[in-house]
Amino acid sequence: MTRPAHAQAAYGRRLEWGLAGARALVADARPGDVAVVVDVLSFTTTLTVAVEQGLVVHPYPWHAADAASYAAERGATLAVGRREGLATGAVSLSPVSFLGVSGLERVVLPSPNGSAISFALAEAGVTVVGASLRNAGAVAAWLHDRRPATVSVVAAGERWPDGALRPAIEDLWGAGAVLAALGEDDASPEAGLATAAFRAVADRLAAALPTCASGRELVEDGFAADVELAAAYDVSTVVPVLYGDAFVDATS
């Protein structure tokens, strides 16, 4: 039986949620198509900061049993969870942990959402780009230069305790930041909604991000600095692109 086309297949600028949405968007991908993964709190923000420091970043699923051996095979440092990183000083999913880091060249950066989605898309036949609020404009400019026929923006979202997807407003804002910079031509209604959501909060991101559900969780857990870094809009020029199994800065 032929798989039906995704409902947004008629549009060149699309938006979906989570791993299932990402797979649906790229199921009929053509050479040159691009998937932009957005996980503001915190994978793609941490990815952006790490790439700003010149690191090569390997995405990987969260809590994978073989993560340590995967990192060792690549001569990479395995990033840890936020709390462990805070206690040990190791690099972690916290973007703050990568500020001013030295002595590292490669890192494996697992996360339950954005990193797992990026890893799953590695062999999907699309170019995978990591975007956050920090580098949304740079990503959009890079896309403008290349003019891909299809840009599928994947808002990673969060997860409920049972593993079900929880749409996260910060990822809608981050996706909208990229889509707004790309323009409204050939955008699906879903992409248009993300653009409108971003524009509604664009001038108060620093105040809004700490008050959304994911932001409040991090602030209350002692990671307010991570949220502050994530809310900094358009401050970065890096464009992390997944080449093989690792993100590198496409502008360097």
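Worth pointing out:
- Residue list for region 5-63, filter: in a loop (DSSP other than H, G, I, E, B), buried (at least 22 other Cβ atoms within 10 Å of the Cβ) and in contact (Cβ under 8 Å) with a residue 60 or more places away in the chain: V26, D39, V40, L41, S42
- One residue stands out among those in region 121-134 that are closer than 17 Å to D226 by Cα and aliphatic (A, V, I, L, M): the one that is nearest to the chain's Cα centre (by Cα), which is A131.
- Unique residue being on the phi > 0 side of the Ramachandran plot and modelled with pLDDT under 95 when the list is G157, G163: G163
- Residues that are at pLDDT below 95, assigned to a helix (DSSP H, G or I) and either within 17 Å of the chain's Cα centre (by Cα) or under 29 Å from D234 (Cα atoms) (or both), drawn from region 86-99: L86
- Any hit, region 105-120, residues being free of Cβ contacts under 8 Å to residues at least 12 places away in the same chain, loosely packed, with under 15 Cβ neighbours inside 10 Å and more than 13 Å from the chain's Cα centre (by Cα): no
- Checked against (1) touching a Cys at 6+ places or on another chain (Cβ under 8 Å); (2) surrounded by fewer than 24 Cβ atoms within 10 Å (Cβ to Cβ); (3) among the small types (G, A, S), A168 passes all but condition (2).
- Any hit, region 142-149, residues being basic (K, R) and touching a residue at least 40 places away in the same chain (Cβ under 8 Å): yes
- Inside region 225-245, residues that are in contact with a Leu (Cβ under 6 Å, 6 or more places away or on another chain) and not in a helix (DSSP H, G or I) make up a count of 2.
For (1) of a type outside the set (D, E); (2) in contact with a helix residue (DSSP H, G or I) (Cβ under 6 Å, 6 or more places away or on another chain); (3) at negative phi, each residue gets a yes or a no:
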{"site": "L99", "(1), (2), (3)": "yes, no, yes"}
{"site": "G103", "(1), (2), (3)": "yes, no, no"}
{"site": "R106", "(1), (2), (3)": "yes, no, yes"}
{"site": "P112", "(1), (2), (3)": "yes, no, yes"}
{"site": "A116", "(1), (2), (3)": "yes, no, yes"}
{"site": "F119", "(1), (2), (3)": "yes, no, yes"}
{"site": "V128", "(1), (2), (3)": "yes, yes, yes"}
{"site": "A141", "(1), (2), (3)": "yes, no, yes"}
{"site": "R146", "(1), (2), (3)": "yes, no, yes"}
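- Of the residues A65, A76, the single one that is among the hydrophobic types (A, V, I, L, M, F, W, C) and either in contact with an Asp or Glu (Cβ under 6 Å, 6 or more places away or on another chain) or at pLDDT below 95 (or both) is A65.
- Residue within region 143-159 that is part of a helix (DSSP H, G or I) and buried (at least 20 other Cβ atoms within 10 Å of the Cβ) present: yes
- Number of the exception - S69 against (1) of a type in the set (G, A, S); (2) surrounded by fewer than 14 Cβ atoms within 10 Å (Cβ to Cβ); (3) in a helix (DSSP H, G or I); (4) in contact (Cβ under 8 Å) with a residue 12 or more places away in the chain: (4)
- Test for A122: is it farther than 20 Å from V241 by Cα and out of contact with any Lys or Arg (no Cβ under 8 Å at 6 or more places or on another chain): no
- Residue check, G222 loosely packed, with under 13 Cβ neighbours inside 10 Å, part of a loop (DSSP other than H, G, I, E, B) and modelled with pLDDT of 95 or more: yes
- Failed item in (1) in contact with a helix residue (DSSP H, G or I) (Cβ under 9 Å, 6 or more places away or on another chain); (2) within 27 Å of A7 (Cβ to Cβ); (3) touching a residue at least 24 places away in the same chain (Cβ under 8 Å); (4) in a helix (DSSP H, G or I), with T195 passing the rest: (3)
The values are calculated or read from the model by the stated rules, or taken from the named source; none is laboratory data. As the structure is a prediction and not an experimental result, all values here were calculated from the model. Positions of Cβ are backbone-derived with ideal geometry, glycine not excepted, and every protein chain shown enters the neighbour counts.
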